[in-house]
Every structure is written in C-alpha cells, then in structure tokens.
Amino acid sequence: MEQKTLSRYIKTALVFLAAVGAVVYAVIIPTLAVTMRTAYPEFENRFWPWLIFLLLTALPCYAILVFGWLIARNVGKNRSFSPQNALYLKWIAGVAAFLSLYFFAGNAALLLCNMSHPGIALASILFVLTGAAVSIAAAVLARMVTKAAALQEESDLTV
C-alpha cells in the first residue's frame, strides 16, 4: 500500500473517531446526565461534578487524535520512521497515562465524596486499564520507531 493511501486511511479513521467523540461528548453524555437527573432527583448534587468530570476527559482524547493526525501526515510524506513520529507517540503515551490517572483519581474522589457508587468505580477500572494499555502500546511503538529511524538514517548514510 502506498504511503499516501495509508495516510488517507489513518486520517479517515481519525476523523470518524473525532465525529463519534463529538456525538458522545456533545449529545450522549449530556442527554444521559439530564435524563438521570430527572429520573433520580435525589442525586441532583451529583449532576454537575459528574458532568464536568466526564466532559473534561474530551480534552486528552482529542489531543491524542491531533498527535495521530500529525503521525498520519508524516506517513503521507514517507517519514513513517522518524524521530518526530517517535516523539508524537511518546506524547500519546503520556497523554493516555494522564487520562488513566485522571479517570482513576476522579472516580476515587467522587466515591469518597459520596457522589458515586462502588459499582461505577469498579466498572471505571475498565476505562483505566484501556488507557494504560494504550499508553504502554504507544510507548513501545515510540521505542520501536526511534530504533527504526536510527536504522533508516544509518542506511541512508551508507548509500
């Protein structure tokens, strides 16, 4: 597959993920929050803390998509194995790790403030583990891209 074609596929996937994220953050989460507030008025005090907590997770998610876009752009320019892409992957690893820690700490704080349920805190561990897995995968890929970039540079110098 040609690099430009691969780049277009990656960018298409990223645009799709951004659109799905926009629907989730702009429509689904607020709608569910209002529905729950209406159905359970005794939990009114939990509405804004949870809504703000969940909506703030959009920022790191979209940051990761931006780094993915930058990587796709480099792939299209036939610079897949570049120090720049390795740096972007390191940033993705860091942002994913931050998001996992934020989500864990936020759920723990809401649980300690009696604004959550232990079942929700336990279920959120799946999101934390997913973020940790993304962080680890991106860190490993960053290391591999760094090594591949060094090999490619060495190969270019010998020709």
Count - residues of region 1-57 that are under 15 Å from the mean Cα position of the chain (by Cα) and polar (S, T, N, Q): 1
So, in region 70-101, how many residues would count as being surrounded by fewer than 18 Cβ atoms within 10 Å (Cβ to Cβ) and farther than 26 Å from Tyr9 by Cα? 2
Report yes if Val66 is surrounded by fewer than 18 Cβ atoms within 10 Å (Cβ to Cβ) and within 13 Å of the chain's Cα centre (by Cα), otherwise no. yes
Residue that is surrounded by the most Cβ atoms within 10 Å (Cβ to Cβ) [pool: residues in region 122-159 that are modelled with pLDDT under 90 and either within 20 Å of the chain's Cα centre (by Cα) or closer than 21 Å to Ala86 by Cβ (or both)]: Gln152
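The values are calculated or read from the model by the stated rules, or taken from the named source; none is laboratory data. Not measured: the values here are computed from a predicted model. Counting neighbours? That spans all protein chains shown, and the Cβs are built from the backbone with ideal geometry, glycine included.
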